[in-house]
Every structure is written in C-alpha cells, then in structure tokens.
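Some notes on the structure that comes next.
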Amino acid sequence: MEPRWLETRSRNTYENAVESRCILRPQGVGRVVLVTGAQHMVRARYEFRRVGFEVVPDPVSERPRMPPLAAHDFVPGAAGVRSVGRALGEYRDLAFGIVANLLGPPPRCGTGAAPDYGIIPNRTLTLISSSQPLR
C-alpha cells in the first residue's frame, strides 16, 4: 500500500498527531486508522483524539504466542523488570499528555513545539481511513 501522505517532522507521538493534523485538515480528513503497538495504543489514541481526529484504533501485537507457563516463569527477572518499566513509562507519558491538554491547545503546525519527554520515540503510523471532514 502506497501512502497518500507522509509525515516526517515528528519526534514523538504527540508531534505526530499535531503534524498529521496539519497535513490532513486542509484535505478535509478527520478520521484516521491509528496503527501502533498494543501497549502504546491508549496513549497514542489519546494524543490523536486530543488534536481533533476521530480515531479508529488498530493495535499491532508485538509479542509472539506464548508457550505454556511453568513455575519458574513467575519468578521476576530482568525482562520482567524492563517490561514493567516500559508500562510505567507509557502511563507517565499519558499523564503528561493529559496535564498538557489541561494547560492549553496543541501547538501550531510546523512549530516543533510539542513537549519532548525524551522517553518514547515516535512509533506510530497514521493511515487514512476516509475523508470525513473535521468537526
């Protein structure tokens, strides 16, 4: 599938939402299919809704099928600690986004003014679902 629009300026998911709005609003696009890892979807969906999009979530599973669990699988290890750290980072970034939303409107197009928390790089792909006008 060849993309119709390409957003290349963003450094994080919030900037991706802002810059996508700047590209798509003049085209009358108001609904997007949001494709990102399942663990990022809540935060990414919030950011895209925050800038005015109707969002159709399409999460991508990032884990292969798990084999049956054994007793030793319940003992915490380094991978488990990293996984919890990533989850806590998602919640932290979501909280920052909610607070930023309370403090004011999204930045203007092309300003690069979106907050950069320095944690989560942009891993969101915006696909166009239809050309529903923005409200």
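Each reported figure results from applying straightforward, stated rules to the coordinates on display, with no laboratory input. The shown structure was predicted, so the numbers you read here are calculated from the model rather than taken from an experiment. In this analysis, Cβ positions are derived from the backbone assuming ideal geometry, glycine residues included, and neighbour counts consider all displayed protein chains.
Computed quantities for the displayed model
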quantity: Using a Förster distance of 25 Å, the FRET efficiency for residue 82-residue 103 (Cβ separation, nearest 0.05); calculated: 0.20
quantity: √(5λ) per eigenvalue of the Cα gyration tensor, the range 1-72, largest first, Å; calculated: 30, 13, 11
quantity: Per-residue HN-Hα couplings for the range 66-76 [Karplus 6.51, -1.76, 1.60; θ = phi - 60°; Hz; x = Gly/Pro]; calculated: 8, x, x, 7, 10, 4, 5, 5, 8, 8, x
quantity: Under-5 Å amide H pairs with residue 12, H placed in peptide plane, nonlocal only; calculated: 122
quantity: Inter-label distance, nm, simple model (7 Å from Cα along the C-beta direction), residue 61/residue 25; calculated: 3.8 nm
